[in-house]
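Some notes on the structure that comes next.
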Amino acid sequence: MHSSPLPSLPSLTTSAAFLALQDHCTEAKNWHLRDLFASAPTRFETMSMQAAGLFLDYSKNRLNQKTLQLLCNLARERQVEAKRDAMFAGEKINLTEHRAVLHTALRAPRNQAFVLDGQDINHDVHAVLDQIKAFSEKVRSGAWRGYSGKAITDIVNIGIGGSDLGPKMAHSALREFAHPNLNFHFVSNIDGHDVDATLAKVDPESTLFIIASKTFTTQDTMLNAHSTRNWFLRHADGDTSKLAQHFVAISSNQAEIQRFGIDPKNMFVFWDWVGGRYSVWSAIGLSIAIMIGFEAFSAFLAGAHAMDVHFQTAPLESNMPILLALIGLWNRNFLGYASLFVAPYHQDLRRLPAYLQQLEMESNGKSVANDGRQVNYPTCPILWGEAGSNNQHAYFQLLHQGGDIIPVDFIAVLKPSHHLPQHHTALLANCFAQSEAFMRGKNAQEVHDELQQQGVSEQEISKFLPHKIFAGNRPSNTLLMDALTPITLGALLALYEHKTMVQGVLWGINSFDQYGVELGKQLAKNIQMELEAQAHTERHDSSTNGLIARAKASLHTNTIK
Ligand code: G6Q
């Protein structure tokens, strides 16, 4: 355990390991992946690895063994291992908020000590898990009844950001494991169309509402929760005693929950050492536990824990999250690629890109270092994505032939849960073909020969040839898992969490605060008051004033054109 703060480091770009990489990059920029494969027949064997049930092939990146060695030197120089250990040891590594970062404690087995401020928190974590087990079993078995005696048929999770994206993503990812008779809904948007459309689908007598909000003050969630409460009471003769069977809360703010009228017995706590975007493992996962059952939810936690153990114990050179982080840094800071595309080739993982978008971009979308200085290098790339094969028929054109190079993380599952083998071989073939195409491309000679074989005239060939060339040399990682299960999903999410943490360390930024979301919230409060007021005041720039005026004219005349 590290009891004293680690010595502060020189700026990333002046460190010896960074400068060595910069030097090496002048040479690496001229490499083509085709040549790297041709000159090293064992490239796949040496640049792939397994951990916690996941297989990673990183051989289709523009790097060689020397690059990896230099990147590992950088990790050593930036004290990645010491900072990882500080996180697990409960040190307050979230410096700006003076908080520990202990989401890993949420998935530790019972009785594995996790110490925070001298106290073992494992007992508290497992007490909440026991509460989740008991409650989820009651709902799943039909023992938990609504106010009129009906069993619960629908569960609505009301939350946003970290209190929504994880459960929503897991809901589609673990569809195969779901209780057959329960329906799940997710309300997040402050837009009334979201809650309105959901309430239209459910029966107040058999619906359970989970209000998921760490702070219990988030405007979006509180507005949705209050509108839902009003709707419920309209159907329940205004009898607030009936709320107890239909509303439960997940939060760290007991006082606010009680003010809302939720029975403290129906409150599931979590703690300030769990960041919102790292909270799917906490009581925020209640809807997941109800959907897949507590045993499967425990497997989800165990999968993440297996990745935690790997992250803590594997040497740098064969540490999957650290390697992913270093390769990402190589792509971003040396090769200059500004975005990362995540392509899950599994329909049930279609919400994964949105989940990872928050994880990586809210954590590392920052440009001020821990010491308060503006950084002089790029940090988090823009993460986007879509499930394959849909992506191929939309914007993969740009990824293949556009002016920007966009590295891709392919994620594929070897065993499907359906019985349509031809679909699955076609899906995998498409996934592997895409990474091959990005890597190899198709050069002028190959295009020429192909067209010639098709009987195209030389004159026509020379006209169209440039359009048909693929430069290739576009990097990707491929992650494989045997089957999509709670355990492999847990490991996959933990892998990206740790990758994100390591990149934050390398960039010298705090991955665990999110001040960037505050300004908009602050300004919205005033604008909402202005929109609701009868009188029109002009307090902003001409654009904002003009938009407010137009909206007011429409809102206060109450006409829809
Ligand atoms: C995540 C963010 C953010 C948060 C939401 C909801 O790391 O902090 O996405 O989860 O703003 O916050 P509450 O759970 O407090 O409502």
(Q) Explain nothing, just compute: Karplus ³J(HN,Hα) = 6.51 cos²θ - 1.76 cosθ + 1.60, θ = phi - 60°, for every residue of segment 133-150 in order, whole Hz, x for Gly and Pro. (A) 4, 4, 5, 5, 5, 5, 5, 5, 7, x, 6, 7, 10, x, 4, 9, x, 7
Q: With θ set to phi - 60°, apply the Karplus curve 6.51 cos²θ - 1.76 cosθ + 1.60 along segment 418-435 and write out the HN-Hα couplings as whole Hz, x wherever there is a Gly or Pro.
A: 9, 10, 10, x, 5, 4, 6, 5, 5, 5, 5, 4, 5, 4, 5, 5, 5, 5
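Which whole-number percent is the relative contact order of segment 48-115 (Cα, under 8 Å, 6+ apart)? All intermediate terms of the calculation are to be shown ahead of the outcome.
Working: 39 pairs, mean separation 11.2, N = 68.
After rounding, I find 16 percent.
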Q: For Ala127 paired with Phe464, estimate the spin-label separation in nm (one decimal), with each label point 7 Å from Cα along the Cα-to-Cβ line.
A: 7.2 nm
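Only bridges whose two residues both fall in segment 406-552 count here: according to DSSP, what percent of them are antiparallel, nearest 5? All intermediate terms of the calculation are to be shown ahead of the outcome.
Values: 1 of 8 bridges.
Rounded to the nearest five, the antiparallel share is 10 percent.
Based on DSSP H runs of at least 4 residues, each adding -39500 (n - 2.57), what is the mean residue ellipticity at 222 nm of the chain after dividing by all its residues, to the nearest 500 deg cm²/dmol?
Numbers: 21 runs with 250 residues, N = 561.
When only DSSP H runs of four or more count, the value is -14000 deg cm²/dmol.
Tell me, Glu45, Glu538 in order of fewest to most beta-carbon neighbours within 10 Å?
Details: Glu45 9, Glu538 12.
Going from sparsest to densest Cβ surroundings: Glu45, Glu538.
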Q: Tell me the label-point distance for the pair Lys442, Arg34, using the 7 Å Cα-to-Cβ offset, in nm and rounded to one decimal.
A: 1.2 nm
Q: Give me the distance between the Cα centres of segment 435-490 and segment 198-224, rounded to whole Å.
A: 47 Å
Q: For Lys415, go through the lysines and keep the ones whose alpha-carbon is under 27 Å away, minus same-chain ones fewer than eight residues off.
A: Lys60, Lys168, Lys499
Q: Sequence neighbours fewer than 8 away in the same chain don't count; with that in mind, list the lysines whose C-alpha is under 25 Å from Lys525.
A: Lys214, Lys366, Lys552
Q: Post the alpha-carbon centroid distance, segment 115-190 to segment 251-274, in whole angstrom.
A: 15 Å
Q) Taking the highest mean first, how do the peptides 392-398, 263-269 order by number of other beta carbon atoms within 10 angstrom per residue? A) 263-269, 392-398
Q. Can you list the residues, at least 5 places off or on another chain, whose amide H is less than 5 Å from the amide H of Gly385, using H built in the peptide plane?
A. Val342
(Q) Multiplying the sequence separation of Asn430 and Asp482 by 0.36 nm and subtracting their Cα-Cα distance, what value in nm do you get? (A) 17.0 nm
Q. Relative to a virtual label point 7 Å from the Cα of Gln119 in the Cα→beta-carbon direction, which members of segment 505-544 show backbone nitrogen distances below 19 Å?
A. none
Q. Under 5 Å between amide H atoms, partner at least 5 residues away or on a different chain: which partners does Phe268 have, H built in plane at 1.01 Å?
A. Ala249, Ile250, Ser251
Q | Percent of alpha-carbon pairs separated by more than 14 Å within segment 188-271 | A | 60 percent
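If you place +1 on the Cβ of every Lys and Arg, -1 on the Cβ of every Asp and Glu, and leave all else neutral, what size is the dipole of the chain about its Cα centre, to the nearest 20 Debye?
Numbers: 47 positive and 53 negative charges, 55 e Å.
Charge dipole, the chain, about its Cα centre: 260 debye, nearest 20.
Order the peptides 551-557, 292-298, 168-174 from the highest to the lowest mean number of other Cβ atoms within 10 Å of their residues.
Highest-to-lowest ranking by the protection proxy: 168-174, 292-298, 551-557.
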Q: Report the label-to-label distance for Ala314 and Thr217 in nanometres (one decimal), using points 7 Å from each Cα along the Cα→Cβ vector.
A: 4.1 nm
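Arrange the following residues from fewest to most other Cβ atoms within 10 Å of their Cβ: Tyr337, Tyr377. Walk me through the numbers before you get to the answer.
Details: Tyr337 20, Tyr377 15.
Least to most surrounded, the residues fall as Tyr377, Tyr337.
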Q | Charge dipole (segment 232-388, unit charges on Cβ, about Cα centre) - positive-most of Gly276, Gly388, Gly336 | A | Gly336
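Which FRET efficiency value, to the nearest 0.05, do you get for Gln258 and Thr557 by plugging their Cβ-Cβ distance into 1/(1 + (r/R0)^6) with R0 = 25 Å?
Working: r = 41 Å, r/R0 = 1.63.
FRET efficiency, Gln258 to Thr557: 0.05.
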Q: Find which of His536, Tyr377, Val128 sits farthest along the positive direction of the dipole of the chain, computed with +1 on the beta-carbon of Lys and Arg, -1 on that of Asp and Glu, about the Cα centre.
A: His536
Q. Considering only DSSP beta bridges with both partners in segment 325-427, what is the antiparallel share in %, to the nearest 5?
A. 10 percent
(Q) For a quick check: with amide H placed at 1.01 Å from N, whose amide H comes under 5 Å from Ala483's, ignoring anything fewer than 5 positions away on the same chain? (A) Leu414, Lys415
Q: Mind checking which lysines have their Cα closer than 17 Å to the Cα of Lys201? Skip sequence neighbours fewer than 8 apart in that chain.
A: Lys150
Q.
With an 8 Å Cα cut-off and a minimum separation of 6 or more residues, compute the relative contact order for segment 116-204 in percent.
A. 25 percent
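Find the relative contact order for segment 212-264 and round it to a whole percent, using C-alpha pairs within less than 8 Å whose residues are 6+ positions apart.
On the way: 40 pairs, mean separation 23.9, N = 53.
Reported as a whole number, the value is 45 percent.
Evaluate the charge dipole of segment 118-179 about its Cα centre and quote only its size in Debye, nearest 20, assuming +1 on the Cβ of each Lys and Arg and -1 on the Cβ of each Asp and Glu. Provide the component values of the computation, followed by the final result.
Values: 7 positive and 7 negative charges, 75 e Å.
Result for segment 118-179 is approximately 360 debye, rounded to the nearest 20.
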**Q.** Dipole of the chain, positive direction: furthest Cα of Thr217, Leu349, Pro167, with charges on the beta-carbon
**A.** Thr217
**Q.** Where N is the number of residues in segment 1-123, Cα Rg divided by 2.2 N^0.38 Å
**A.** 1.42
Q | Principal axis dimensions, segment 329-430 - Cα atoms, whole angstrom, descending | A | 56, 28, 20
Q. If the viscosity is 1.306 mPa s and the temperature 10 °C, what Stokes-Einstein diffusion coefficient in µm²/s follows for the chain when Rh is the Kirkwood radius over Cα pairs?
A. 61 µm²/s
Q. Given 0.36 nm per residue, what is the gain on full extension from His179 to Asp23 after removing their alpha carbon distance, in nm?
A. 50.6 nm
Q.
Only counting other Cβ atoms within 10 Å, I'd like Trp330, Trp281 sorted with the fewest neighbours first.
A. Trp330, Trp281
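Using a Förster distance of 51 Å, how high is the FRET efficiency between Thr240 and His418, based on the Cβ-Cβ distance and rounded to 0.05? Let's see the in-between values first.
Working: r = 46 Å, r/R0 = 0.91.
Result of the calculation: an efficiency of 0.65.
Beta carbons within 10 angstrom, averaged per residue: use that to sort the peptides 497-508, 123-134, highest first. Walk me through the numbers on the way to the answer.
On the way: 497-508: 25.3, 123-134: 16.7.
Answer by packing, highest mean first, reads 497-508, 123-134.
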**Q.** Dipole moment magnitude, nearest 20 debye, segment 78-231 about Cα centre, only Lys, Arg, Asp, Glu C-beta charged
**A.** 280 debye
Q: Could you run the Karplus curve 6.51 cos²θ - 1.76 cosθ + 1.60 with θ = phi - 60° over segment 214-226 and give me ³J(HN,Hα) per residue in whole Hz, x for Gly and Pro?
A: 4, 8, 6, 10, 4, 3, 4, 5, 5, 5, 5, 5, 5
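Any read-out appearing in this document is the output of simple, stated calculations on the displayed coordinates, not a laboratory observation. Given the structure is predicted, the values throughout are model-derived calculations rather than measurements. Quick reminder, even Gly has a Cβ in these numbers, built from the backbone with ideal geometry, and neighbours come from all protein chains shown.
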